[in-house]
Structure formats: C-alpha cells, structure tokens
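Chemist: This is the structure I want to talk about, given as structure tokens.
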Amino acid sequence: MSAVGSNVMLILLVLAVWPDRGRSVRASVSEGDADGTSAIQYRVLVKKSERKFYLYRIENGQETLAKTYQIALGNSPVGHKKRQGDGATPEGDYYITHKNPKSNFYLSLGVSYPNIKDADAGLKSGLINQAQHKAITSAINSKAKPPQNTKLGGDIFIHGGGAAKLLGLVRDWTLGCVALENEDIRELFDLLPVKTPVKILP
C-alpha cells in the first residue's frame, strides 16, 4: 500500500473510533449525575464551646478539614436544647433538611432538630405525646424534615446575620440557631447539599 493510501486509512480509522470515545465519556458523566453520586462529600462539625464551625471534605474515603468558620449561638449557649423558647442551641447528630434563600438572616440551612434522641427525652418528660414521637421518628428515619411545631421547639437553622464579633469577642444572639457571616453562609449554601451530616458538640 502507498504512503497516501496508508494515511487515508489512518484518517478513516480515527474518524470511526473518536466519536465512540466521545459518547463513552459523556455517557459515563451522565450516569454519575443521574444517580446523584459524587466522589466528594462533606460533613459539618460545630463545637459550641469554641464557637467554631468545621467543614470537612470527604473524597475517595479520605477526610480533610476544608475550612473553619467563626459562629455565634443561641442566647442561652450552654447546654442542650430541651424545649421551645429556651434559647439553647441543640447538641447531637443532625443533618441539613432544606435550604431557604429567603431567610430573615440572608440565607439559611435547616437543621433536623428534633432528632430521635430529642423525641425520646420529650416523650419521657411529657413534652410530646406518642403520635408526635412517632412523627418525629418517621421523619428522621427517612431523612426528612421533622415536625417543628411541638413543645420541643424547632426552626433551628445555620444562617447568616453575622457572628456579632466585637474586639475579637463573639456575642451569642440567636434564638438557638448557628449564625455565620453572610459571606460564609453564602459559601456553605452553594456548596452543601441537603442531608449533609451536622454534628453539634458542647
């Protein structure tokens, strides 16, 4: 075969193979997007005593601290939230339930308070009844938003509005929520998906 003939065959071979390779890559990406899987995940750790919000990035099974944020808490910052109106920020294992782009405090991420442990304590103390306990448990087990209108309280958010920093000190001013600077909640609002784990420690 001549050199010209060889070149023609080579070009035809490339044109035949290359479209298939392009479709294969696109199909692979589409399949990953369709089932909602991602190699990158996040989790949140709040340490109330430190007034710090730690964002962890998990990629391919490896966890690293991505960023740390300054926060403000409820106006009764010490101790776990037990009932409506106590001004305390919850402690325990939660997750993000929803995103609110029209928050009174710029942007907000809903937190899944009360959880099952909270519901158990509320039932034992008489704050909620069996039906309310069942509704909370069912919502948590399905990673949904639990009832917010019981005597345990609700509407706990991670939101903007500022950490009320003055001369390096933080003033706790929320009704039990976790407050960040507006630029920080914007970053988290865009980054974190619903159901991201949130652990809050004393």
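Chemist: Does any residue in the stretch 35-47 that is modelled with pLDDT of 95 or more and assigned to a strand (DSSP E or B) come within less than 9 Å, Cβ to Cβ, of a residue that is loosely packed, with under 15 Cβ neighbours inside 10 Å and of a type in the set (Lys, Arg) six or more places away or on a different chain, and which pairs are these?
Modeler: These pairs meet every condition: Leu45/Lys52; Val46/Lys52.
Chemist: Quick check on this structure: which one of Lys151, Lys145, Lys124, Lys134 is modelled with pLDDT of 95 or more, surrounded by fewer than 20 Cβ atoms within 10 Å (Cβ to Cβ) and in contact with a strand residue (DSSP E or B) (Cβ under 6 Å, 6 or more places away or on another chain)? Break it down stepwise before answering.
Modeler: On the way: Lys151 fails: in contact with a strand residue (DSSP E or B) (Cβ under 6 Å, 6 or more places away or on another chain); Lys124 fails: in contact with a strand residue (DSSP E or B) (Cβ under 6 Å, 6 or more places away or on another chain); Lys134 fails: in contact with a strand residue (DSSP E or B) (Cβ under 6 Å, 6 or more places away or on another chain).
The match here is Lys145.
Chemist: Also, quick follow-up: Out of everything in the stretch 93-121 that is in contact with a His (Cβ under 7 Å, 6 or more places away or on another chain) and farther than 19 Å from Ala163 by Cβ, what residue ends up being surrounded by the fewest Cβ atoms within 10 Å (Cβ to Cβ)?
Modeler: Among residues in the stretch 93-121 that are in contact with a His (Cβ under 7 Å, 6 or more places away or on another chain) and farther than 19 Å from Ala163 by Cβ, the one surrounded by the fewest Cβ atoms within 10 Å (Cβ to Cβ) is Gly110.
Chemist: I'm trying to understand the selection: among the residues of the stretch 161-202, which are under 16 Å from Leu45 (Cα atoms) and modelled with pLDDT under 95?
Modeler: Residues satisfying the conditions do not exist here.
The values are calculated or read from the model by the stated rules, or taken from the named source; none is laboratory data. Keep in mind it's a predicted model, so treat the numbers as computed, not measured. Cβ coordinates were reconstructed from backbone atoms using ideal geometry, including for glycine residues, and neighbour counts include every protein chain displayed.
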